[in-house]
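The values are calculated or read from the model by the stated rules, or taken from the named source; none is laboratory data. Keep in mind the model is a prediction, meaning the values are calculated, not measured. With ideal geometry, Cβ positions are generated from the backbone for all residues, glycine too; neighbour counts draw on all protein chains shown. In case anyone asks, the SASA skips ligands and DNA or RNA and just uses the protein heavy atoms, side chains included. Shrake-Rupley method; radii C 1.70, N 1.55, O 1.52, S 1.80 Å.
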Amino acid sequence: MQKYYAEIFGTFILLFSGAGAIVTNQASQGAVTHVGIALVFGLVVTAVIYAIGEISGAHINPAVTIAFWVSGRFPAKQVIPYIVCQIIGAIVACLILKFLFPDLKNYGMTLPAGSEMQSLVLEGILTWILMFVVLCVSTGAKETGILAGVAIGAVIALEAMFAGPISGASMNPARSLAPALVSQNLTSLWIYIVGPIAGAALAVPSLWLVRNNSPANDNGEE
């Protein structure tokens, strides 16, 4: 249960901080800025990895959990519980943001600025990059280590910096689902579920090509 609580709290912190940055940027007429929002996402992920990485692995992202399972590093029986916990934490965070800022209509939603296909491909590639780095720096199914948090947080910040204005740079189905539900707007939500999951899963064989690994000899856990 410690792992599940860690995923709930970790994803709550991610959404309350990241979506919170978007919400406060709206409420303050742009005081946080796009660069500030990107940095918040990168920094909060870094902090959460160091906080709960040793406990749950700090997945805080259904796409990451699924990719760890595909890689053979994570047990199938824990995939659904992890995803449920991540979604719970994300929704609670967004509900609190709605309570604090009741007059807004967007509580951190990710929406495509251009075509849906453009954002779908972009989200897939962004998550592929993120998951490739995660797999390279993680131990088993845990994002732990001296530099893991810095590397992963830096990737999220830089991707949010350049791709945020186009697709929202979600890379995380829970991060997009919760604001959409709380905002009562499911427009283009499928992009932020299909794209990240596909991109994260594709990172697994990419790692095997680079490291000549397979599920049989990958650095697994449990």
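Gyration tensor analysis over the Cα atoms of the range 103-189 returns equivalent ellipsoid semi-axes of 26, 15, 11 Å (largest first, whole Å).
In the calculated pair-distance distribution of the chain, the portion above 32 angstrom amounts to 11 percent of the Cα-Cα pairs. For the pair the range 1-65 / the range 74-139, the C-alpha centres are spaced 10 Å from each other. For the range 55-112, what does the relative contact order come out to in percent, with C-alpha contacts under 8 Å and a separation of six or more? Relative contact order here is 24 percent.
Probing with 1.4 Å while keeping every protein chain in the model, the per residue accessible area of the range 1-212 equals 42 Å². Tell me, what is the FRET efficiency for residue 146 and residue 209 to the nearest 0.05, using R0 = 25 angstrom and their Cβ-Cβ distance as r? Working from the Cβ atoms, E equals 0.40. Computed over protein heavy atoms with a 1.4 Å probe, the carbon and sulfur contribution to the accessible area of the range 1-212 reaches 73%. Building the convex hull from the alpha-carbon atoms of the range 6-95 and averaging its projection over directions returns 5.8 nm². At an R0 of 22 angstrom, the distance between the Cβ atoms of residue 117 and residue 185 translates into a FRET efficiency of 0.65.
Could you tell me whether the range 50-119 comes out rounded, prolate or oblate from its Cα gyration tensor? Rule is a ≥ b ≥ c as square roots of the eigenvalues, rounded for a/c under 1.5, then prolate if a/b exceeds b/c, otherwise oblate. Show your work: numbers first, answer last.
Details: a/c = 2.78, a/b = 1.46, b/c = 1.90.
Note, shape of the range 50-119 comes out oblate.
Highest GNM mean-square fluctuation among 126, 181, 97, for the chain modelled with Cα contacts below 10 Å: 181. At a temperature of 4 °C and a viscosity of 1.567 mPa s, determine how fast the range 88-143 diffuses translationally according to Stokes-Einstein, using the Kirkwood radius over alpha-carbon pairs as Rh; express D in µm²/s, rounded to the nearest whole number. Estimated via Stokes-Einstein, D reaches 91 µm²/s.
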